[in-house]
Amino acid sequence: MLERIMKRERNTEYYLFAGKGGVGKTSVAAATALWFSKKGKKVLIISTDPAHSLSDSFDKKIGGDVKKLDKNLYAVEIDPKQAMEEYKERLAPKMEKLEFLKGLGMEDTFDYIGMTPGIDEIAAFDKFMQFMDSKEYDIIIFDTAPTGHTLRFLSLPDVLDSWVGKMIKIRMKFSGMANLVKKVLPFGSPDEQEENVGIDQLEAMKKRIESARAILSNPDKTHYNIVMIPEAMSIYESERSLEVLKQYNIPVKSVVVNQLIPDNHNCDFCKEKRKMQQERLKDIRNRFGKFKIMTLPMFREEIRGTRTLEKTSKELYGK
């Protein structure tokens, strides 16, 4: 009875954090995960950033397997290279059965195994979808990579949907010709099972992609948060991010302005820097006024470990 309760399906919500490199999005994502866990939610935080600064934020080694960090709090760091190897190992043998299509003008479509730029992102997204399907957590938080990488990552449902749809149509079109050319082309075994190899896998992938895209575009399920600092380049990049996010119907929940210098009358440099930041903050409120805007001060200490993350979470969300 207890085991059944513990493994009940949950109505998972997803929080994604992204922004220009160096703006502190990992700290914000980690603090958010800790805050939800303290509120009794079962939380998984996932890093898709090759730098894996999530371990640094929690001051604990995390790694590629889901690890319990605290009560209600779990974390995992996806290794893009490992994910790519697993992805290729699982799919390559099946896709190689379709090598005969390379001679039919489809070289670009089939040259994805280990060669096409972005294969690591496709593999990471495959892992991403596995966690989305788990229904084991109340909250799943994605500490994503810097903005440019993230936007390509989030566009993959559309890219893959188009690519997989094309693959299925081609495979279906030519599978009926197998018996006519089997003596010339390397189909392998001519039996029914071999002839239809790949179709089930491609259909399953397409359904998972459609499901992921539906979740990512649902504002009741997915909350995308942009983290920035009060500097011109960060502001401009965040605006560009919003434009692309609109194209993919990704709902933005809030903007977090990080590293604001506290008032200090005894430091001339601090006063000037703060003055500039306050002007930028006004600009941010004008440009991003329709979103919830949260601010974080620059702390004296490095945000690392539970104590400082809890301090950060209280600044963001209160007690």
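The values are calculated or read from the model by the stated rules, or taken from the named source; none is laboratory data. In this text, all values refer to a predicted model and were calculated from it rather than measured experimentally. Cβ sites come from the backbone with ideal geometry, for glycine too, and all protein chains shown count toward neighbours.
Criterion first (modelled with pLDDT under 95 and either more than 18 Å from residue 28 (Cα to Cα) or not aliphatic (A, V, I, L, M) (or both)) does residue 252 satisfy it?
Values: modelled with pLDDT under 95: yes; either more than 18 Å from residue 28 (Cα to Cα) or not aliphatic (A, V, I, L, M) (or both): no.
Considered against the rule, which asks whether it is modelled with pLDDT under 95 and either more than 18 Å from residue 28 (Cα to Cα) or not aliphatic (A, V, I, L, M) (or both), residue 252 comes out as no.
So which residues in region 31-48 are at pLDDT below 95 and farther than 24 Å from residue 299 by Cα?
To start, the set of residues in region 31-48 that are at pLDDT below 95 comprises 46-48.
Those that are at pLDDT below 95 and farther than 24 Å from residue 299 by Cα: 46, 48.
Determine, yes or no, whether residue 219 is under 30 Å from residue 130 (Cα atoms) and at pLDDT 70 or above.
yes
State which residue pairs qualify: first residue more than 30 Å from residue 211 (Cα to Cα) and inside region 247-267, second residue of a type in the set (Phe, Trp, Tyr) and surrounded by 13 or more Cβ atoms within 10 Å (Cβ to Cβ) in any location, beta carbons under 8 Å apart, and separation of 6 or more residues or different chains.
From residues that are more than 30 Å from residue 211 (Cα to Cα), there are no pairs.
What number of residues within region 283-304 satisfy the criterion of being surrounded by fewer than 11 Cβ atoms within 10 Å (Cβ to Cβ) and part of a helix (DSSP H, G or I)? Even if it seems obvious, please write down each step before you answer.
Of the residues in region 283-304, the ones surrounded by fewer than 11 Cβ atoms within 10 Å (Cβ to Cβ) are 286, 289-290, 300-301.
Still in the running and part of a helix (DSSP H, G or I): 286.
Of the residues in that region, 1 qualify.
Being at pLDDT 90 or above and exposed (fewer than 13 other Cβ atoms within 10 Å of the Cβ) narrows it down to one of 177, 233, so name that one. So that I can check it myself, show each step before the final result.
On the way: 177 fails: at pLDDT 90 or above.
Testing whether each residue is at pLDDT 90 or above and exposed (fewer than 13 other Cβ atoms within 10 Å of the Cβ) leaves just 233.
(1) surrounded by fewer than 15 Cβ atoms within 10 Å (Cβ to Cβ); (2) under 25 Å from the mean Cα position of the chain (by Cα); (3) free of Cβ contacts under 8 Å to residues at least 40 places away in the same chain: which one isn't true of residue 308, the others all being true?
Unmet condition: (1).
Tally time: how many residues in region 259-279 are within 15 Å of residue 232 (Cβ to Cβ) and polar (S, T, N, Q)?
3
Taking into account only those residues within region 4-25 that are at pLDDT 90 or above and assigned to a loop (DSSP other than H, G, I, E, B), which is farthest from residue 134 (Cα to Cα)?
Ranking the qualifying residues of region 4-25, first place goes to 23.
Based on what the data block shows, is residue 265 surrounded by fewer than 12 Cβ atoms within 10 Å (Cβ to Cβ) and not in a helix (DSSP H, G or I)? Can you show your working first?
Values: surrounded by fewer than 12 Cβ atoms within 10 Å (Cβ to Cβ): yes; not in a helix (DSSP H, G or I): yes.
When the stated conditions are applied, residue 265 passes them.
Can residue 75 be described as modelled with pLDDT of 75 or more, surrounded by 21 or more Cβ atoms within 10 Å (Cβ to Cβ) and closer than 23 Å to residue 219 by Cβ?
Values: modelled with pLDDT of 75 or more: yes; surrounded by 21 or more Cβ atoms within 10 Å (Cβ to Cβ): yes; closer than 23 Å to residue 219 by Cβ: no.
No; evaluated as a whole, the condition is false for this residue.
I'm checking my understanding of the structure. Among residues of region 18-48 that are over 18 Å from residue 312 (Cβ atoms) and touching a Ser or Thr at 6+ places or on another chain (Cβ under 7 Å), which one is surrounded by the most Cβ atoms within 10 Å (Cβ to Cβ)? Show your work before the answer.
Filtering region 18-48 down to residues over 18 Å from residue 312 (Cβ atoms) leaves 20-21, 40, 42, 44, 46, 48.
Of the ones still in play, those that are also touching a Ser or Thr at 6+ places or on another chain (Cβ under 7 Å) are 20, 48.
On the way: 20: 21, 48: 25.
So, considering only residues that are over 18 Å from residue 312 (Cβ atoms) and touching a Ser or Thr at 6+ places or on another chain (Cβ under 7 Å), the one surrounded by the most Cβ atoms within 10 Å (Cβ to Cβ) is 48.
Does region 100-118 contain at least one residue that is aromatic (Phe, Trp, Tyr), over 21 Å from the mean Cα position of the chain (by Cα), surrounded by 13 or more Cβ atoms within 10 Å (Cβ to Cβ) and modelled with pLDDT under 90? Please lay out each step first, then the result.
We begin by selecting, within region 100-118, every residue aromatic (Phe, Trp, Tyr); these are 100, 110, 112.
After this cut, where a residue has to be over 21 Å from the mean Cα position of the chain (by Cα) as well, the list is 100, 110.
Then keep just the ones that are surrounded by 13 or more Cβ atoms within 10 Å (Cβ to Cβ); that gives 100, 110.
Those left that are additionally modelled with pLDDT under 90: 100, 110.
Yes, that holds for at least one residue.
Looking at (1) more than 23 Å from the chain's Cα centre (by Cα); (2) in contact (Cβ under 8 Å) with a residue 12 or more places away in the chain; (3) closer than 25 Å to residue 242 by Cα, find the lone condition where residue 282 falls short.
Residue 282 satisfies all of (1) more than 23 Å from the chain's Cα centre (by Cα); (2) in contact (Cβ under 8 Å) with a residue 12 or more places away in the chain; (3) closer than 25 Å to residue 242 by Cα except (2).
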